[in-house]
């Protein structure tokens with residue numbers, strides 16, 4: 001672990017002092033049982049923070065209201081009792097700032113995804129596309145010229161039908177197969193060039209996609225009259241086919257961590273390869289797509305960022321990375337199993353890459369042995 005610097009300690013003390021001062025001076029704080037009218041009056045006075053608070057509350061309020069009422073009505077119509085929690089595969093609304101939202105096209109159409117940037121490295125954490133919005137997802141891929149996509153929805157969670165509880169199969173999965181995605185103008189054509197089944201139940205797809213509305217340079221077209229008029233872009237998809245997000249029925253709950261660690265090392269190698277080949281200052285964000293962009297998607301971001309730190313031999317500060325992601329994407333890791341699994345994957349990474357190998361081995365043994373002693377919460381799954 002990297003020791004804290006003096007400047008960081010000073011900043012920490014300053015933040016603590018600010019909190020103490022604010023607590024003493026806050027004479028108008030909302031008390032328990034405050035009436036809605038008083039609360040609204042207080043909110044109106046918070047000019048600086050009002051928009052930020054609204055943006056944080058809006059998505060969760062939208063989910064809590066519309067979706068909840070809809071589900072209650074569905075239960076009433078089928079004479080079923082209303083139970084909690086909500087279905088596991090539902091795409092929950094995640095509150096985050098407006099500037100991190102993924103906007104597509106000139107009309108700024110939204111997709112359920114978020115940019116998560118730390119230093120010079122940027123990722124997009126996305127929810128699983130549906131049949132209805134997968135065209136917007138492909139538009140986002142094209143807009144950012146994404147070269148690597150990590151798909152974490154298992155085979156059982158994917159479908160070719162219009163099932164909103166599953167991830168729509170948005171890319172061709174057989175060599176030579178093509179798929180056309182209709183857009184508002186033109187269409188995006190996706191072709192599978194190769195499919196490689198690796199170890200650890202992962203599959204690597206090398207795709208090419210083109211947009212009928214995106215034309216090649218006129219000068220190039222005049223020199224090469226037989227060339228296609230559309231630009232062709234490469235895309236590599238790493239698909240982890242068996243990581244369901246739930247605790248395995250047999251074996252130790254943390255056993256899959258070793259395969260997940262190896263999978264993300266393969267993704268990291270591809271990232272490094274793209275970085276070496278690029279001639280531009282801009283490196284397209286890697287897309288991490290899980291069912292609802294929390295749990296597995298959050299673990300992927302943390303581990304891929306950790307791999308970069310380990311390669312540079314800078315630090316092995318997993319808690320710090322988790323805290324930073326929690327600030328960007330609140331609720332992305334929320335239960336004991338998720339945190340324990342994330343630490344298990346990280347320790348396998350440290351072990352295999354020779355970073356404090358003995359310490360990582362001892363910590364992993366200790367975590368594996370003591371994991372069953374801690375009670376899981378009601379869900380205890382990775383989303």
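Quote the convex hull volume per residue of segment 295-364, based on C-alpha atoms, as a whole number of Å³.
So the per-residue Cα hull volume is 74 Å³.
Extension gain residue 103-residue 120, at 0.36 nm per residue separation less the Cα-Cα distance, in nm?
Contour length minus Cα-Cα distance gives 4.1 nm.
How much length, in nm to one decimal, is gained on full extension between residue 178 and residue 110, taken as 0.36 nm per residue of separation minus their Cα-Cα distance?
21.9 nm
When 178, 196 are ordered from fewest to most other Cβ atoms inside 10 Å of their Cβ, what list results?
Arranged by neighbour count, lowest to highest, 178, 196 become 196, 178.
How big is D for segment 114-373, in µm² s⁻¹ as a whole number, if Stokes-Einstein is applied with the Kirkwood radius of its Cα pairs at 37 °C and 0.692 mPa s?
D = 168 µm²/s.
Give me the percent relative contact order of segment 246-332, please, defined on Cα pairs under 8 angstrom at least 6 residues apart.
Taking the mean separation of contacting Cα pairs over the length of segment 246-332, I get 24 percent.
Need the full-extension length gain, residue 204 to residue 275, defined as separation in residues times 0.36 nm minus the C-alpha distance. One decimal, nm.
Gain in length upon complete extension: 23.7 nm.
Among 317, 292, 366, which comes first, then next, by fewest other beta-carbon atoms within 10 Å?
The most exposed by this proxy come first: 366, 317, 292.
Can you give me the Rg/Rh ratio for segment 258-349, using Cα atoms for both radii and the Kirkwood formula for Rh?
Rg divided by Rh gives 0.97.
What is segment 114-373's relative contact order, in percent, from Cα pairs under 8 angstrom and six or more apart in sequence?
Relative contact order here is 22 percent.
Where in segment 240-261 is the amide nitrogen less than 20 Å from a point lying 7 Å along the Cα-to-Cβ axis of residue 367?
Answer for this model: 243-261.
Every number in this text was worked out from the coordinates using simple rules, so none of it is lab data. Here the structure is a predicted model, which is why all the values come from computation and not from measurement. Because the Cβ atoms are built from the backbone with ideal geometry, glycine has one as well, and the counts that use them run over all protein chains shown.
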